[in-house]
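Read through the structure below, which is laid out as structure tokens, and then see the notes.
The values are calculated or read from the model by the stated rules, or taken from the named source; none is laboratory data. A quick note: this is a predicted structure, and the numbers were derived from the prediction, not measured. Don't worry about glycine lacking a Cβ; one is built from the backbone with ideal geometry, like all the others, and counts go over all protein chains shown. Note: accessible area is taken over every heavy atom of the protein model, side chains too, but ligands, DNA and RNA are not part of it. Shrake-Rupley method; radii C 1.70, N 1.55, O 1.52, S 1.80 Å.
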Amino acid sequence: MTTLTLITGANKSLGYETARRLLGEGHTVLLGARDAQRGQAAADELGAIFVRLDVTSDASVDAAAAWVRDTYGHLDVLVNNAGILGPLGPLAEMTAADVAVGLETNVLGVARMTRAFAPLLALAENPRIVNVSSGVGSFARNEESGTDEASVPPSIYSVTKAALTMLTYQYARALPGMRVNAADPGYTGTAFNNFSGHQSVEEGTDAIVRLATLAADGPTGTFQSRHGIVPW
């Protein structure tokens, strides 16, 4: 039986490359995207199945979960990839509303998806959740001189990714029958950073793909890059 995988924000960049690679692994990929035209075009290019999905909307997430349930009856892998950079500028000048913009997609979006799809994942033989976080949310990496993360100015984005990594750890504790892990793509050249990253998108998806294809006895509650465990 094929592995059924849903990837959010998969019409471009890391999500698109993850979809391409998992299709190559034999997965049936549900390509989630907010924009119907772009999402359908990406799905057609890859041979995936488009699912219209806005992780900031309870109604959209619930409708997508109902469709997956009615169509397939379960889900094997959930890759929570959708994310935004959020408002930019001096952090001390950001309002609470500015912070909320970043949290809405990067953290609350994952919470919506997990609540809606956990019952379908529970029906799978080897359910896996991969949350695409970032090393900029690692305290250790921020404090280590010379790292990519230490050179990033203080930002709401970093705050949201630190929160997402801890949320992942707590979900791993709450869902012991599932492999729940966070992936750090590393500094990857995508439109997200004006293609300034020094890694290719294939390198940036190494950890995501590895965690999405874990065996049933694989690790859970970890934060991993393509090089291995990322320190908290």
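The conditions of being aliphatic (A, V, I, L, M), more than 14 Å from the chain's Cα centre (by Cα) and modelled with pLDDT of 95 or more are not met by Leu164.
Of all the numbered requirements in (1) open to solvent by 20 Å² or more (accessible area, probe 1.4 Å); (2) more than 17 Å from Gly109 (Cβ to Cβ); (3) among the hydrophobic types (A, V, I, L, M, F, W, C), Ala59 misses one, and that requirement is (2).
Conditions tested, residue by residue: (1) touching an Asp or Glu at 6+ places or on another chain (Cβ under 7 Å); (2) under 24 Å from Glu17 (Cα atoms); (3) surrounded by 21 or more Cβ atoms within 10 Å (Cβ to Cβ).
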{"site": "Gly135", "(1), (2), (3)": "yes, yes, yes"}
{"site": "Thr147", "(1), (2), (3)": "no, no, no"}
{"site": "Pro154", "(1), (2), (3)": "no, no, no"}
{"site": "Ser158", "(1), (2), (3)": "no, yes, yes"}
{"site": "Ala172", "(1), (2), (3)": "no, no, no"}
{"site": "Ser200", "(1), (2), (3)": "no, yes, no"}
{"site": "His227", "(1), (2), (3)": "no, yes, no"}
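Sort out which residues of region 1-10 are of a type outside the set (Gly, Ala, Ser) and either buried (at least 24 other Cβ atoms within 10 Å of the Cβ) or without any contact (Cβ under 8 Å) to a residue 24 or more places away in the chain (or both), and write them in order of number. Within region 1-10, Met1, Thr5, Leu6, Ile7, Thr8 qualify. Of all residues in region 142-157, those that are part of a loop (DSSP other than H, G, I, E, B) have Cβ atoms under 7 Å from Cβ atoms of residues that are surrounded by 11 or more Cβ atoms within 10 Å (Cβ to Cβ) and at pLDDT below 90, 6 or more apart or on another chain, in Asp148/Tyr187.
For region 67-91, how many residues meet the condition of being small (Gly, Ala, Ser) and either open to solvent by 30 Å² or more (accessible area, probe 1.4 Å) or over 21 Å from the mean Cα position of the chain (by Cα) (or both)? Spell out the reasoning first.
Of region 67-91, the ones small (Gly, Ala, Ser) are 73, 82-83, 86, 89.
With either open to solvent by 30 Å² or more (accessible area, probe 1.4 Å) or over 21 Å from the mean Cα position of the chain (by Cα) (or both) added as a condition, the list becomes 73, 83, 89.
Number of matching residues: 3.
Going by the structure shown, is Arg34 in contact (Cβ under 8 Å) with a residue 60 or more places away in the chain and either farther than 18 Å from Leu211 by Cα or open to solvent by 40 Å² or more (accessible area, probe 1.4 Å) (or both)? In short, no.
Contact annotation: residue pairs with Cβ atoms under 8 Å, 6 or more positions apart or on different chains, pairing a residue in region 94-106 that is open to solvent by 40 Å² or more (accessible area, probe 1.4 Å) with a partner that is among the hydroxyl-bearing types (Ser, Thr, Tyr), are Leu103/Thr160; Glu104/Thr56. Cβ-Cβ distances below 9 Å connect the following pairs, each with a first residue in region 218-232 that is on the phi > 0 side of the Ramachandran plot, a second residue that is hydroxyl-bearing (Ser, Thr, Tyr) and open to solvent by 20 Å² or more (accessible area, probe 1.4 Å), and a separation of six or more residues or different chains: Gly221/Tyr169; Gly221/Tyr171.
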